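Chemist: First the structure, which I've put down as structure tokens, then a few questions once you've had a look.
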Amino acid sequence: AQTVTQSQPEMSVQEAETVTLSCTYDTSESDYYLFWYKQPPSRQMILVIRQEAYKQQNATENRFSVNFQKAAKSFSLKISDSQLGDAAMYFCAYRPSGGGADGLTFGKGTHLIIQP
Amino acid sequence: NAGVTQTPKFRILKIGQSMTLQCTQDMNHNYMYWYRQDPGMGLKLIYYSVGAGITDKGEVPNGYNVSRSTTEDFPLRLELAAPSQTSVYFCASSRGYTQYFGPGTRLTVL
């Protein structure tokens with residue numbers, strides 16, 4: 001079974017600085033997808049960024065980028081120019097690419113605090 | 001386009017009561033999912049569906065039932081509520097590999 005590990009229960013960063021959230025995963029699959037979801041206090045799950053394992057290029061969405069290291073099974077999220085609105089729980093998630101309706105496997109999350 | 005909607009937003013049940021959590025999506029997605037999120041944890045898959053009339057168990061299906069009579073709706077049924085089912089429940093849908101989530105239902109069983 002796949003597992004997703006987020007080793008940082010909580011991170012704190014000053015506004016406008018850069019922060020990196022860590023995620024490692026375990027799988028025997030060669031092709032899969034990885035995601036970062038943001039969950040603000042409203043509890044809505046918001047997709048931040050996604051990465052296809054077959055793509056070597058790291059995904060980027062505005063101030064959010066990932067460092068995908070397939071051999072190390074590592075998928076970290078970098079948030080640049082942190083803003084107060086970035087404060088939330090961040091979840092790393094995995095799903096295989098079998099083409100079916102596979103559910104997501106989530107980590108336990110990292111609580112990100114933005115210091116003004 | 002409302003996306004994925006869930007009702008109710010909050011509910012308190014007594015032990016042994018039954019209820020149905022409603023989920024509707026207007027994106028014409030074939031795949032739908034139910035997850036639960038316990039405090040301090042990530043989401044865990046309860047049930048999923050690949051289309052009308054087809055459902056299957058996820059990681060934590062015990063104590064729940066689902067049905068899928070239409071593409072749009074995927075209700076989750078709790079027959080005999082137990083305190084262990086106190087959680088936040090999320091419905092999601094997808095066509096491809098990206099899942100889109102509803103706002104969640106916070107359920108407390110006392």
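The values are calculated or read from the model by the stated rules, or taken from the named source; none is laboratory data. Quantities reported herein were computed from a predicted structural model and do not represent experimental measurements. Every residue, glycine as well, gets a Cβ built from its backbone with ideal geometry; the counts of neighbours run over all protein chains shown. Areas reflect the complete protein model, heavy atoms only, side chains present, ligands, DNA and RNA absent. Shrake-Rupley method; radii C 1.70, N 1.55, O 1.52, S 1.80 Å.
Chemist: If we keep just the residues of segment B:65-74 that are within 21 Å of B:L13 (Cβ to Cβ) and within 14 Å of chain A (Cβ to nearest Cβ), which is surrounded by the fewest Cβ atoms within 10 Å (Cβ to Cβ)?
Modeler: For segment B:65-74, the residue satisfying everything is B:V66.
Chemist: Based on what the data block shows, is A:K108 in contact (Cβ under 8 Å) with a residue 60 or more places away in the chain, within 10 Å of the chain's Cα centre (by Cα) and open to solvent by 50 Å² or more (accessible area, probe 1.4 Å)?
Modeler: Spelling it out, it is not the case that A:K108 is in contact (Cβ under 8 Å) with a residue 60 or more places away in the chain, within 10 Å of the chain's Cα centre (by Cα) and open to solvent by 50 Å² or more (accessible area, probe 1.4 Å).
Chemist: I've got another one for you. Failed condition for B:E59, given (1) within 27 Å of A:Q2 (Cα to Cα); (2) in a loop (DSSP other than H, G, I, E, B); (3) more than 11 Å from every other protein chain (Cβ to nearest Cβ); (4) touching a residue at least 12 places away in the same chain (Cβ under 8 Å), with all others met?
Modeler: (3)
Chemist: Right, next: Scan segment A:89-97 and give yes if some residue there is in contact (Cβ under 8 Å) with a residue 60 or more places away in the chain, buried (at least 21 other Cβ atoms within 10 Å of the Cβ), touching a Gly at 6+ places or on another chain (Cβ under 8 Å) and assigned to a loop (DSSP other than H, G, I, E, B), otherwise no.
Modeler: No; the residues of segment A:89-97 include none that is in contact (Cβ under 8 Å) with a residue 60 or more places away in the chain, buried (at least 21 other Cβ atoms within 10 Å of the Cβ), touching a Gly at 6+ places or on another chain (Cβ under 8 Å) and assigned to a loop (DSSP other than H, G, I, E, B).
Chemist: Something else: Give segment B:43-56 a look and list any residue that's within 11 Å of chain A (Cβ to nearest Cβ) and surrounded by 13 or more Cβ atoms within 10 Å (Cβ to Cβ), or say none.
Modeler: B:L43, B:K44, B:L45, B:I46, B:Y47, B:Y48, B:S49, B:V50, B:G51, B:T55, B:D56
Chemist: Looking only at segment A:75-82, decide whether some residue is touching a helix residue (DSSP H, G or I) at 6+ places or on another chain (Cβ under 9 Å), open to solvent by 70 Å² or more (accessible area, probe 1.4 Å) and over 14 Å from A:Q6 (Cβ atoms).
Modeler: no
Chemist: Under 6 Å by Cβ, and 6 or more places apart or on different chains, what pairs join a residue from segment B:90-106 that is touching a residue at least 12 places away in the same chain (Cβ under 8 Å) and facing chain A (nearest Cβ under 8 Å) with one that is part of a loop (DSSP other than H, G, I, E, B) and open to solvent by 20 Å² or more (accessible area, probe 1.4 Å)?
Modeler: B:P103/A:Q44; B:G104/A:R43
Chemist: Only one of B:R36, B:R77 is open to solvent by 10 Å² or more (accessible area, probe 1.4 Å), under 13 Å from B:L21 (Cβ atoms) and within 13 Å of chain A (Cβ to nearest Cβ). Can you tell me which?
Modeler: Answer to the check: B:R36.
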